[in-house]
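A.B. asks: Submitted below is the structure of interest, expressed as structure tokens.
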Amino acid sequence: GYGAFTLDAAQRQRQLHAQLAWEARSNVVVRGGAEVEHLRSDLSGSLPKAAYDQSLGARTSLFTFDAPGRRTGGFVEVDWRAGSALRITPGIRTDHSKLTARTTYDPRLSLAWRLGSIVTLTSAVAWYHQIPDPLYFADSVGVPGLPPMRSRQGVIGLQAGEGAAILRVEAYHKEYEDLAQIDRDQEVVGRGVGTSRGVDVFVKG
């Protein structure tokens, strides 16, 4: 509890995951997997009705949410060593959520090209989906039927070294769509968009 904000949350999660790999050829490995997740959320609390008055005793909107959020998913990918210097890994993932009532499909592709004995160029492009917070589906403050949030991501990097000593530099760009969030009027809104970009540096030694 903090001022007009209160939250009583009880959540229980159960998850089952299985994966199988098959060496189709000496340079090709096929992987597939599936998972089932059951999330039970029992939420109740209050949000201030006005952004300018969030103190204790302010006018509030009460909310409650008690519903299961079952999600099922599966994926398949191919790890292909296309020669001594090139490694290609395409794949796709699919998920279905009871909260969003949507089925999503996320393709992805990664490449690794060895430029020398200790230098490798890497790149990847992928789509991702994520289910909004269960609170955002509550009838009183949320929006039942919110779509899953999604992002597209591209990464390119260069790695030098191997074994105990590695330096890796990666540049990334991400685009987000259908983001769900609480606005200044303390109401849940969807369809948010955004971008992020930056550089990561990893050192191991």
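The values are calculated or read from the model by the stated rules, or taken from the named source; none is laboratory data. In this text the structure is predicted, and so the values were computed from the model without any measurement. Backbone-built Cβ (ideal geometry, glycine too); neighbour counts: all protein chains shown. Heavy atoms of the whole protein, side chains included, go into the accessibility calculation; ligands, DNA and RNA do not. Shrake-Rupley method; radii C 1.70, N 1.55, O 1.52, S 1.80 Å.
A.B. asks: Measuring with a 1.4 Å probe in the full set of protein chains, what accessible area per residue, in whole Å², belongs to segment 135-205?
C.D. replies: Computed with neighbouring chains in place, this is 60 Å² per residue.
A.B. asks: At R0 = 25 Å, how high is the FRET efficiency between K204 and L109 if r is their beta carbon distance? Nearest 0.05 is fine. List each step's numbers first, then the result.
C.D. replies: On the way: r = 26 Å, r/R0 = 1.02.
The value I calculate is 0.45.
A.B. asks: What accessible area per residue comes out for segment 36-95, rounded to a whole number of Å², with a 1.4 Å probe?
C.D. replies: I get 55 Å² per residue for this part.
A.B. asks: Translational diffusion coefficient, Stokes-Einstein: compute it for the chain using the Kirkwood radius over C-alpha pairs as Rh, at 37 °C and 0.692 mPa s, and state it as an integer in µm² s⁻¹.
C.D. replies: The diffusion coefficient I find is 162 µm²/s.
A.B. asks: Less than 20 Å apart at the alpha-carbon level, and either on another chain or at least 8 residues along: which lysines does that give for K49?
C.D. replies: none
A.B. asks: Across segment 129-174, how large is the tail of the calculated P(r) beyond 16 Å, expressed as a percent of all Cα pairs? Mind showing how you got there, number by number?
C.D. replies: Values: 652 of 1035 pairs.
Cα-Cα pairs in segment 129-174 separated by more than 16 Å: 63 percent.
A.B. asks: Can you work out ³J(HN,Hα) from phi for every residue in segment 43-52, in order, using Karplus 6.51 cos²θ - 1.76 cosθ + 1.60 and θ = phi - 60°, giving whole Hz and x for Gly and Pro?
C.D. replies: Per-residue couplings from phi come out as 10, 7, x, 8, 10, x, 6, 10, 5, 7 Hz.
A.B. asks: Another question, then. Residues in segment 60-102, backbone N under 18 Å from the label point at T6 (7 Å along the Cα-to-beta-carbon vector): list them, ranges by number please.
C.D. replies: Correct set: 60-66.
A.B. asks: Based solely on C-alpha atoms, express the radius of gyration and the Dmax of segment 133-205 in angstrom.
C.D. replies: When restricted to Cα atoms, segment 133-205 yields Rg and Dmax of 18.7, 55 Å.
A.B. asks: Could you list log10 I(q)/I(0) for segment 94-153 at q = 0.16, 0.23 Å⁻¹, which the Debye formula gives when each Cα is one point scatterer?
C.D. replies: For the requested q values the scattering log ratios are -0.62, -0.90.
A.B. asks: Okay, next question. On the protein heavy atoms, probe 1.4 angstrom, tell me the percent of accessible surface of the chain carried by carbon and sulfur.
C.D. replies: Percent of accessible area from carbon and sulfur atoms in the chain: 55.
A.B. asks: Using DSSP loop states and a limit of at most 16 other Cβ atoms within 10 Å to flag trypsin sites (Lys or Arg not before Pro), what is the longest stretch of the chain containing no flagged site? Provide the component values of the computation, followed by the final result.
C.D. replies: On the way: sites that count: K49, R59, K98, R184.
Formally, the longest exposed-site-free interval is 99-183.
A.B. asks: Between segment 186-202 and segment 71-85, what is the C-alpha centre distance in whole Å?
C.D. replies: Here the answer is 27 Å between Cα centres.
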